[in-house]
1. If you plug each phi of segment 326-343 into the Karplus form 6.51 cos²θ - 1.76 cosθ + 1.60 with θ = phi - 60°, what whole-Hz ³J(HN,Hα) values come out, in order, with x for Gly and Pro?
2. Can you order the peptides 146-153, 54-61 by their average number of other Cβ atoms within 10 Å per residue, highest first?
3. What is the Cα convex hull volume of segment 85-184 when expressed per residue in Å³?
4. Provide the per-residue ³J(HN,Hα) series for segment 32-38, in order, calculated from phi with Karplus coefficients 6.51, -1.76, 1.60 and θ = phi - 60°, each as a whole number of Hz, with x at glycine and proline positions.
5. Keeping all protein chains in place and using 1.4 angstrom, which order do S429, S229 fall into by accessible surface area, from largest down?
6. Express in whole angstrom the spacing between the alpha-carbon centres of segment 320-361 and segment 230-261.
7. Quick one: which residues, 5 or more positions from V45 or on another chain, have an amide H under 5 Å from its amide H? H modelled 1.01 Å from N in the peptide plane, none for Pro or chain starts.
8. What is the set of long-range amide H partners of T346 at a cut-off below 5 Å, with H atoms built 1.01 Å from backbone N?
Amino acid sequence: MPTATCSVCGEEKPCGTSRTTGRPWCLDCQRRSAPCSACDSVAAVISGTLDHPLCLGCTVPEVWHACPTCSDPDYPHPGQCARCLINRRLNELLGPPSGALHPGLEALRNDIATAEHPITARRWLNKPSVSPVLADLATGRRALTHEALDELPDSPPLAHLRQVLVGVGALPERDEYMVRLERFLTGLLGTQQDPEQRKVLHRYAIWHLVRRLRRRSNGRPLTPQQFMSARQRTHAAVAFLTWLKAHDLALETCQQADLDQWLTDDSAAYRHTAGHFIRWARTNKLTTVHVPAVRWNGPTQPLDDEHRWNVARRLLHDDTLKAEDRLAGLLLLLYAQGPSAISRLTIEDVEVGAQEVRLHLGDAPVQLPEPVAALARVVAANRKGHATIGALAPSPWLFPGGQPGRPISTTQLTQRLNQLGIRPNQARSTALFQLATEIPAGILARTLGIHTDVAVAWQRLSGGDWATYANEVSRRTATENR
């Protein structure tokens with residue numbers, strides 16, 4: 001706090017500004033209690049002096065009509081307004097506006113100074129994980145590059161700051177989850193002491209997992225689910241190889257009996273996930289053992305079409321719910337779109353015409369009926385995320401997220417759907433089952449954006465009606481009981 005003369009004790013100390021009087025007072029006086037010189041009641045000292053203290057009831061509040069710095073008539077509190085305080089903080093961190101400041105940081109300064117919620121922006125500026133980094137970037141102690149930020153300890157505030165810098169154009173866009181995956185794999189491979197084990201893991205993780213992810217993403221950034229799946233599979237491979245070494249075995253010498261022992265060993269970690277690595281090793285002739293892939297035999301949770309339609313009716317007609325939550329829930333309940341697919345819908349996927357609204361979920365657009373079409377119009381016209389700084393306006397995402405330039409996360413969207421009484425896995429399975437009974441597999445795949453094999457599997461499971469599914473479940477249950 002700035003040093004000033006305390007209006008109560010008269011000493012030169014670090015002082016704040018009293019919201020009641022608008023005058024400086026030190027921390028000691030803010031905690032002081034004494035008999036009020038006007039009413040004799042013992043209370044906290046709000047104004048007056050040490051010889052003649054005054055309590056809150058006997059203190060005449062200062063009437064503030066404008067900010068003393070910028071004369072903002074809308075600011076009713078003492079001291080500088082929020083925008084002036086932001087500019088003062090920006091000057092402390094980035095220095096006064098000048099041509100010497102990096103253009104990207106100058107863009108960041110303008111974005112912060114004109115933020116819609118200045119109080120939130122000021123709090124963000126004062127975070128201990130943000131302010132030192134900005135100061136280092138402004139003075140040149142740290143280069144304004146992704147590589148320089150990678151040297152700092154990884155944390156959510158740093159990830160948010162990085163995305164803010166990307167949002168204002170100070171840093172180029174990059175695939176953060178791919179970078180995190182490569183960094184994780186580099187560190188993990190570096191900890192492997194056995195050169196043969198490290199070589200096998202390198203082939204599996206780098207030349208198989210990462211290469212397949214790059215091919216499947218086709219230039220699009222990785223999703224959190226893809227990142228977590230690759231990391232988990234790598235951990236499973238390490239766990240299996242470590243178990244083999246602990247039992248004086250190797251991939252080449254491992255027999256099916258050894259693998260069966262691993263699969264039944266309660267102390268072994270990632271037993272089921274390691275099947276992917278074992279099948280890869282067998283395909284590449286590194287081992288002779290085999291773990292069959294788990295065959296999908298239909299949804300594991302019961303299908304509840306009645307509950308699905310009850311929730312859908314509520315979302316269609318309850319105007320007290322948020323439009324974006326209603327639309328996301330209806331896309332799941334009516335069109336079998338999972339949270340990950342919904343979160344990555346862009347404004348380009350919505351064709352808003354004078355008479356109709358079309359939504360691109362797959363190759364063939366879907367014409368939305370009313371009132372779903374009306375909800376899509378509202379969400380497309382008023383989409384707005386929670387990001388205060390660095391967010392593009394308007395956002396390219398149909399469901400913007402908390403980080404600037406990013407869609408809503410699958411986790412956050414799932415939580416919001418849960419609050420509406422929707423369990424995404426169960427509701428999507430129910431919707432897919434019903435759609436598979438009514439629509440041919442080829443049309444279903446092209447319309448919903450799912451793989452043809454998936455559509456065929458659902459159509460085979462449904463058999464065209466619910467009775468076939470019930471019979472299949474009964475037969476499966478009887479077999480399991482035997």
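1. Each residue of segment 326-343 in turn: 5, 5, 4, x, 5, 5, 6, 6, 9, 10, 6, 8, x, x, 5, 5, 5, 5 Hz.
2. Values: 146-153: 12.4, 54-61: 15.5.
Final packing ranking: 54-61, 146-153.
3. 96
4. Those phi angles translate into 8, 10, 6, x, 5, 6, 9 Hz.
5. Details: S429 20, S229 45 Å².
So the residues, ranked largest to smallest area, are S229, S429.
6. Segment 320-361 and segment 230-261 have Cα centres separated by 45 Å.
7. Here R32, S33, A34 satisfy the definition.
8. Hits under the 5 Å cutoff: L398.
The values are calculated or read from the model by the stated rules, or taken from the named source; none is laboratory data. Computed from a predicted structure; not experimentally measured. Neighbour counts run over all protein chains shown; Cβ positions are idealised from the backbone, glycine included. To get the accessible areas, we keep the full protein, side chains included, count just its heavy atoms, and leave off ligands, DNA and RNA. Shrake-Rupley method; radii C 1.70, N 1.55, O 1.52, S 1.80 Å.
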